[in-house]
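Read the structure below first, then the notes.
The values are calculated or read from the model by the stated rules, or taken from the named source; none is laboratory data. Just so we're clear, the structure is a prediction, and the values are computed from it rather than from any experiment. In case anyone asks, the SASA skips ligands and DNA or RNA and just uses the protein heavy atoms, side chains included. Shrake-Rupley method; radii C 1.70, N 1.55, O 1.52, S 1.80 Å.
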Amino acid sequence: EAADGAMCIFVGDSEDTAPLIVQKSDGGFGYATTDLAALKHRLDEEEADWIIYVTDSGQSQHFKGVFTAARKCGWLGEDTRGGEFPRVDHVGFG
């Protein structure tokens with residue numbers, strides 16, 4: 001969806017949750033786009049069964065948004081802990 005000239009995926013249940021910006025209003029791309037593209041590649045090309053992202057714990061909201069966006073796109077099921085769809089997890093440290 002477009003919001004203030006940017007292409008976004010709204011990943012929260014409330015208006016207080018920041019959207020995941022896929023393309024900025026100036027046409028540029030950020031980390032969310034790169035992470036979504038990498039996830040799509042790992043799912044489609046590498047046929048990953050379980051993807052674990054290990055980053056500092058400050059990134060947990062970002063990856064929660066990325067995983068929610070992937071579910072909205074139909075790339076992941078609601079329950080990624082087994083079954084038809086691959087599993088994705090974020091492990092934070094620090």
Exercise. Against the longest principal axis of the chain, how steep is helix 31-44, in degrees 0 to 90 to the nearest 10, with axes from Cα atoms?
Worked result: 30
Exercise. At a probe radius of 1.4 Å, what is the per-residue accessible area of H62, in Å² to the nearest 10?
Worked result: 40
For this session: Using only Cα atoms, tell me the angle between helix 60-72 and the longest principal axis of the chain; keep it within 0 to 90° and round to the nearest 10.
Result: 90
For this session: Find the Rg to Rh ratio for the chain, where Rh is the Kirkwood radius over alpha-carbon pairs and Rg uses the same atoms.
Result: 0.97
